Amino acid sequence: MLRVYRTVEEGQVSQEAEICEKAWLSLINPTEEDIQMVSEKTGITRDFLKDPLDDEERPRIEIETGQILIIIKVPVARGKKGAELYDAIPLGIIVTKDYLVTVCLDDHPIFSQMLKMPVLFTFKKTRFLLLILIKTATLYLNYLRILDDRSTELQSHLSHTMKNEALLRLLDIQKSLVYFTTSLRANGIVMEKLTRTQLVKAEDAPASMLIKMYPEDEELLEDAITENRQAIEMSSIYSSILTGSMDAYAALISNNMASVMKFLTSVTIVLSLPTIIASIYGMNVGLPFQNSPLAFVGIMGTTFGIAGAAAYALYRWNMF
């Protein structure tokens, strides 16, 4: 699907019916026909348009004559509403002299956030790129807070009952944190590379430079890098805490299992003593006291006495 947006008034964006210059072209899970049309009208290579559609594509910067491809990872929620599993998918940003193109597999919330901005200039490619980077890092931070709150809730639940469902959800959260940490670090490398090689001051940039940084963009770039670093740190901390908690729950489950087995073993020992005596007196041979009218009472008393003594001994040895 292709959507074309262009700034028509002071910061006001309008959706256009056809591709035009100084516009933002948003490709969302495009078809081969969409890719072919955009490539023919903008001059962007097909590889640049198709690379971000690979779910396993790594964040990077690639430069060809007259066009730059920047791929970052953006967070997405997987599964039904309220699920703890999150992932990261590639988002490609292609900059040419006359166009700015974004390519993504999903209709990501970042696009709607960009359109809701009170002032947005589609022809200011550097500003647009930096805003996407900031909103990506901010979205990571929001998802990380959601994951942390959910993790705390599940851990509180597990302190009362050990259910497999809660443990599996914690594993989903841990998996999401791993995805986030890996993607954020890769995004950070891309931002640092942009700082070193691509974003130069406009007055020092040659006319052929596609991405120029004006003085007002410097603060946005710094904010994007800072937000991304904060997200990396939060993700690493939450992942470490959750890993420690999972290890503690595993040890707790093992300890509970050992306690149950110890209790059952003690009960088995206590019950085996009456069973032995009953088995002996159940044999069809001559036995002591078999002709006594008090034989049953005596045997039962002796049996309970031995079982009680064994139970008391095991209790003293902390087996119960």
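Which of the following residues is without any contact (Cβ under 8 Å) to a residue 60 or more places away in the chain and in contact with a Gly (Cβ under 8 Å, 6 or more places away or on another chain): LEU85, LEU69?
Working: LEU85 fails: without any contact (Cβ under 8 Å) to a residue 60 or more places away in the chain.
Exactly one residue qualifies, and that residue is LEU69.
For the stretch 124-156, what are the residues that are assigned to a helix (DSSP H, G or I), of a type in the set (Lys, Arg) and surrounded by fewer than 21 Cβ atoms within 10 Å (Cβ to Cβ)? Don't jump to the end; show me each part of the working.
Just the residues of the stretch 124-156 that are assigned to a helix (DSSP H, G or I), to begin with: 125-156.
The next check asks that each one be of a type in the set (Lys, Arg); those that pass are 125, 127, 135, 145, 150.
Across the stretch 124-156, the qualifying residues are ARG127, LYS135, ARG145, ARG150.
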Point to revise | Answer from LEU105, LEU91 - the residue that is within 23 Å of SER183 (Cα to Cα), of a type outside the set (Ser, Thr, Tyr) and either free of Cβ contacts under 8 Å to residues at least 12 places away in the same chain or in contact with an Asp or Glu (Cβ under 7 Å, 6 or more places away or on another chain) (or both) | key: LEU105
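Could you check the stretch 15-49 and list, in sequence order, the residues that are basic (Lys, Arg) and in contact (Cβ under 8 Å) with a residue 40 or more places away in the chain?
Looking only at the stretch 15-49, we keep the residues that are basic (Lys, Arg), and these are 22, 41, 46.
Correct list: LYS22 only.
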Check your understanding: Residue check, ALA295 against (1) surrounded by 13 or more Cβ atoms within 10 Å (Cβ to Cβ); (2) under 43 Å from the mean Cα position of the chain (by Cα), all met but one. Which one?
Key -> (2)
**Study point:** Residue pairs meeting the criteria (Cβ under 7 Å; at least 6 apart or on separate chains; first assigned by TED's automatic domain parsing to the domain that holds SER183, in the stretch 213-239; second of a type outside the set (A, V, I, L, M) and not in a helix (DSSP H, G or I))
**Key:** MET213/LYS201
Revision key, fill the gap. Across (1) modelled with pLDDT under 85; (2) among the small types (Gly, Ala, Ser); (3) under 23 Å from the mean Cα position of the chain (by Cα), SER236 clears everything bar (1)
Review point. Of all residues in the stretch 139-190, which are over 15 Å from the mean Cα position of the chain (by Cα), more than 20 Å from ALA251 (Cα to Cα) and of a type in the set (S, T, N, Q)?
Key: ASN187
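The values are calculated or read from the model by the stated rules, or taken from the named source; none is laboratory data. Values in this document were obtained by computation on a predicted structure and should not be read as measured data. Ideal geometry is used to build each Cβ from the backbone, glycine not excepted, and the neighbour counts take in all protein chains shown.
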